[in-house]
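Novice: After the structure tokens below, expect a handful of questions from me.
The values are calculated or read from the model by the stated rules, or taken from the named source; none is laboratory data. This structure is a prediction, so every number in the text was calculated from the model and none was measured. For neighbour counting, all protein chains shown are included, and Cβ atoms are generated from backbone atoms with ideal geometry for every residue, glycine included.
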Amino acid sequence: MWWKIIILGISVVLAWRILGFVYFMGPHRTIHTHWPGPCRNLAPIRSGAEGIALSSLQGLAFISSGYKTADVTDERIKNSLARVFLFDFNKPDGDAKELELIGDVRLASPHGISLWEDKEGIQIFLVDHRLTEDTIEIEPPLSLRHTRTIYNPLFANLNDVIATGDSSFYVTNAASVRDGPLLTISFLLQLSTGSVVYYDGVTARQVAGNGKILNGITSSSDGRFIFVSYMVDEAIVVFRREGDGSLMRVQTISLSAILDNLFYDPATGDLLASCGIPIGFFTMITDYGHKAPSNLLRIRPLSGGRDNPFETYNIVELFADDGYLLSVSSSAALFQDKLLLGSVLEKAALCEIRYAND
Amino acid sequence: MFLKTVAFILLAFLVQRAWKLSLGFGTSDVGYINRPGPCRNVAPIETGSEDIAVTSNGLAFISSGMQLSDMCSSAVDARFSQFVGRIYVFDFQNSKQDAVEVSLPKELQYNFSPHGIDLLEDSETGEILLFVVNHRKIGEFVEILSYQPESRSLSMVRSVTHELFTSLNDVLAIDRNSFLVSNDAYFRSCWRILEPLLGLRWCNFIYFDGTVGQSIIENGHDFNSVALSRNGKQVYLTRPSEMKLEIYNRSKGTETLKLHQSINVGMAVDNVFSDQSTGDLWLGSHPSLALLTKHLSDIDLRAPSQVIRIQPLGPQNDPFNTYKLFSPFGDDGELVSGSSSAVHFKDKLLIGTVAHKVAYCEVQS
């Protein structure tokens with residue numbers, strides 16, 4: 001008799017979790033097109049622009065391209081080239097340029113990207129799914145010279161990276177396993193296995209855990225705050241950085257949208273969140289030609305002191321597309337009145353902002 | 001055994017209804033702000049601007065102050081009974097001016113709860129005839145009024161009521177005496193809540209030819225707003241609970257309508273405006289019916305707003321054969337709550353709401 005009750009109980013919990021997964025896939029979500037001004041695709045990017053790192057001092061954007069997961073079936077994605085592109089905002093009518101990679105390393109599936117700029121130059125931090133995470137140093141003008149590859153057992157299923165020094169950074173783990181049936185179960189049941197890991201230059205340790213699928217990560221310009229995308233929770237979590245690198249949770253910004261990477265605008269203190277509809281991504285990995293909608297939200301801090309800048313905020317949808325310009329957006333960078341947008345698997349777009357919704 | 005079967009059927013029915021209803025109910029807890037350019041409210045409108053009709057010269061007539069209290073008063077804010085029904089006029093070509101109240105004919109003073117509105121312009125005389133759905137205390141009426149611009153007043157031409165008018169929503173003028181009108185429910189009272197809950201299809205869409213009224217579409221459950229294509233060959237009808245815009249092919253004269261196409265818009269659509277200069281359709285929409293319902297029960301609670309534009313990309317004889325959907329305006333409810341209509345005139349937008357204010361926007365992006 002009580003066996004039946006236990007089985008019923010487990011079935012209800014499972015059904016609830018799976019319903020939650022269906023909801024997360026977003027079949028009910030609606031995004032229609034509206035651009036802030038004229039937009040165009042950025043040649044020659046065709047195999048993704050998953051992450052963008054911006055040097056706001058120089059107006060240079062570094063774009064990671066060629067991301068793929070193990071369950072991709074479309075050949076056009078499986079065989080795509082893993083590269084880093086450079087786009088110069090100071091020449092907005094130009095194309096993106098492929099950066100030559102110098103050194104004994106071959107990229108496989110570039111994911112999150114960040115940069116650290118000091119008087120010595122720009123260093124690029126790139127998540128690559130070869131079991132490892134890299135740091136790469138740039139040497140002008142158009143090439144990347146490999147410096148270091150960093151691997152740590154805490155790097156379970158890396159998503160994005162934010163540099164906090166010339167050899168220190170935070171990374172997000174979307175889950176605690178890399179692939180296989182355990183990962184599938186983790187996603188289906190939305191288990192909280194995501195985490196944030198801090199690497200201080202020598203060792204790594206987990207500084208935040210129990211997140212459902214942690215995705216993008218970025219920091220404020222002064223480095224005091226770390227912002228993380230909590231994808232399933234449809235929120236940005238604001239953390240304050242302590243001296244030793246640990247994180248204190250300060251605020252949750254609810255977006256009601258499934259978000260990927262974040263961009264912090266040093267000029268205004270705004271956060272940009274690239275969002276989409278997950279079922280679009282899962283359809284695209286089987287069919288590269290599938291168009292799935294994308295949108296970009298701008299979260300502007302309205303009031304709040306030094307310890308919690310986003311105490312109150314407003315949300316503006318700065319960009320939305322039905323997928324024909326940009327399918328499954330994942331990243332963005334803003335420089336003056338130009339907006340660069342990237343998608344996980346396909347193209348990148350450059351928009352002019354005619355009305356800034358201020 | 002029999003009881004189990006009955007219980008199972010009942011459960012299946014409830015699940016199906018819940019699924020269908022929840023799709024349109026809206027999951028957005030947050031309405032995103034999205035402006036095509038600078039926007040502002042238009043004074044002095046604060047108690048609703050449910051529908052808007054525009055002349056070819058950019059003179060907009062706004063129906064305001066609909067008292068929802070006649071439609072199940074226990075479910076709506078008590079303040080609705082204090083609303084005063086009015087028609088305002090706003091000139092797109094003099095957009096810095098406020099909207100101006102138009103005086104009503106004597107029979108309608110204290111007897112006016114306006115809903116959908118349409119207009120006819122006489123190209124020879126320049127006369128403007130307004131057709132307004134009015135929820136009078138004694139029943140559902142379509143008022144045909146003539147606008148006197150010098151005195152900014154409306155004079156009564158004709159009042160039409162009919163036994164088929166059960167719960168009117170919007171009207172489409174055909175000529176001086178005839179029109180199409182939609183019923184959004186069968187009951188006017190609280191019983192109307194049962195209709196979407198049980199999936200009852202007791203609504204019809206009516207053609208009044210000047211003398212006789214007849215149903216031209218039957219067995220629907222929410223016919224909301226109606227508009228006409230540029231060439232008069234297609235009639236557009238919104239179905240909020242199905243989140244659709246329906247396109248019917250129209251036979252002029254007999255006014256027979258045949259369903260040609262359905263466009264799924266992804267959220268609860270309210271009023272449709274057919275832009276005569278571009279052929280675009282502009283829809284006032286509600287991203288969350290749940291939040292709209294809360295707003296109607298307490299006007300101070302904000303409801304998100306959204307405007308959708310459908311651009312026809314097909315050939316002349318089948319313009320929406322292919323189309324593209326745009327969302328040119330969105331609000332979290334602070335500027336405008338519960339957007340029910342949107343009209344476009346020369347790169348300017350006017351957005352009306354069920355029980356709140358009006359927004360005027362310039363389109364720059």
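Novice: Which condition breaks for A:ALA235 when tested against (1) in contact with a strand residue (DSSP E or B) (Cβ under 6 Å, 6 or more places away or on another chain); (2) surrounded by fewer than 20 Cβ atoms within 10 Å (Cβ to Cβ); (3) over 27 Å from A:GLN206 (Cα atoms); (4) of a type in the set (Gly, Ala, Ser)?
Specialist: With respect to (1) in contact with a strand residue (DSSP E or B) (Cβ under 6 Å, 6 or more places away or on another chain); (2) surrounded by fewer than 20 Cβ atoms within 10 Å (Cβ to Cβ); (3) over 27 Å from A:GLN206 (Cα atoms); (4) of a type in the set (Gly, Ala, Ser), A:ALA235 is out only on (3).
This table checks each residue for (1) small (Gly, Ala, Ser); (2) within 18 Å of A:GLY112 (Cα to Cα); (3) away from chain B (no Cβ under 14 Å).
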| position | (1), (2), (3) |
| --- | --- |
| A:ASN159 | no, yes, yes |
| A:TYR199 | no, yes, yes |
| A:PHE225 | no, no, yes |
| A:VAL228 | no, yes, yes |
| A:GLU234 | no, no, no |
| A:ARG240 | no, no, yes |
| A:ASP244 | no, no, yes |
| A:LEU247 | no, no, yes |
| A:ILE258 | no, yes, no |
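Novice: Need pairs with beta-carbon distance below 9 Å; first residue among the charged types (D, E, K, R) and within segment A:104-116, second buried (at least 19 other Cβ atoms within 10 Å of the Cβ); sequence gap 6+ or separate chains.
Specialist: A:ARG106/A:ALA82
Novice: For segment A:282-318, which residues satisfy the criterion of being closer than 30 Å to A:ASN79 by Cβ and touching a strand residue (DSSP E or B) at 6+ places or on another chain (Cβ under 7 Å)?
Specialist: Quick first cut of segment A:282-318, residues closer than 30 Å to A:ASN79 by Cβ only: A:282-296.
Result: A:ALA292, A:PRO293, A:SER294, A:ASN295, A:LEU296.
Novice: Further, regarding this structure: Could you please give the count of residues in segment A:322-342 that are within 14 Å of another protein chain (Cβ to nearest Cβ) and of a type in the set (Gly, Ala, Ser)?
Specialist: Here the count works out to 1.
Novice: Among the residues of segment B:225-233, is any within 15 Å of the chain's Cα centre (by Cα), modelled with pLDDT under 95, among the charged types (D, E, K, R) and more than 18 Å from B:PHE326 (Cα to Cα)?
Specialist: no
Novice: Taking segment B:267-315 on its own, how many of its residues are within 20 Å of B:ALA227 (Cβ to Cβ), more than 14 Å from chain A (Cβ to nearest Cβ) and of a type in the set (Val, Ile, Thr)?
Specialist: The total comes to 2.
Novice: Of the numbered conditions (1) closer than 28 Å to B:PHE223 by Cα; (2) away from chain A (no Cβ under 14 Å); (3) assigned to a loop (DSSP other than H, G, I, E, B), B:ASP98 satisfies every one except a single condition; which is it?
Specialist: (1)
To keep it simple, each residue is scored yes or no on (1) surrounded by 15 or more Cβ atoms within 10 Å (Cβ to Cβ); (2) modelled with pLDDT of 90 or more; (3) of a type in the set (Asp, Glu).
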| position | (1), (2), (3) |
| --- | --- |
| A:SER55 | yes, yes, no |
| A:THR69 | yes, no, no |
| A:VAL72 | yes, no, no |
| A:VAL84 | yes, yes, no |
| A:ASN90 | no, yes, no |
| A:ASP95 | no, yes, yes |
| A:ILE102 | no, no, no |
| A:SER109 | yes, no, no |
| A:GLU120 | no, no, yes |
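Novice: Report whether or not B:ALA173 is modelled with pLDDT under 95 and buried (at least 16 other Cβ atoms within 10 Å of the Cβ).
Specialist: It is false that B:ALA173 is modelled with pLDDT under 95 and buried (at least 16 other Cβ atoms within 10 Å of the Cβ).
Novice: Give the residue, chosen from A:PRO38, A:PRO44, that is surrounded by fewer than 16 Cβ atoms within 10 Å (Cβ to Cβ) and within 14 Å of chain B (Cβ to nearest Cβ).
Specialist: Just one listed residue meets the conditions, A:PRO38.
Novice: Can you go through A:SER229, A:SER254, A:SER274 and tell me which one is crowded, with 20+ Cβ neighbours inside 10 Å, closer than 25 Å to B:GLY266 by Cα and not aliphatic (A, V, I, L, M)?
Specialist: Only one candidate passes the filter, namely A:SER274.
Novice: Moving on to the next point. Among the residues of segment B:169-203 satisfying the criterion of being small (Gly, Ala, Ser) and more than 21 Å from B:ILE144 (Cβ to Cβ), which is farthest from the chain's Cα centre (by Cα)?
Specialist: B:GLY199
Novice: Let me ask something else about it. Would it be correct to say that A:LEU345 is under 18 Å from the mean Cα position of the chain (by Cα) and within 12 Å of chain B (Cβ to nearest Cβ)?
Specialist: So A:LEU345 does not fit the description; no.
Novice: Sort through B:ASP318, B:ASP332 and tell me the only one that's within 14 Å of another protein chain (Cβ to nearest Cβ) and either of a type in the set (D, E, K, R) or farther than 27 Å from B:LEU59 by Cβ (or both).
Specialist: Result: B:ASP332 is the single residue among B:ASP318, B:ASP332 that is within 14 Å of another protein chain (Cβ to nearest Cβ) and either of a type in the set (D, E, K, R) or farther than 27 Å from B:LEU59 by Cβ (or both).
Novice: Just checking, how many residues over segment B:134-193 are without any contact (Cβ under 8 Å) to a residue 24 or more places away in the chain and within 16 Å of B:SER63 (Cα to Cα)?
Specialist: Number of matching residues: 1.
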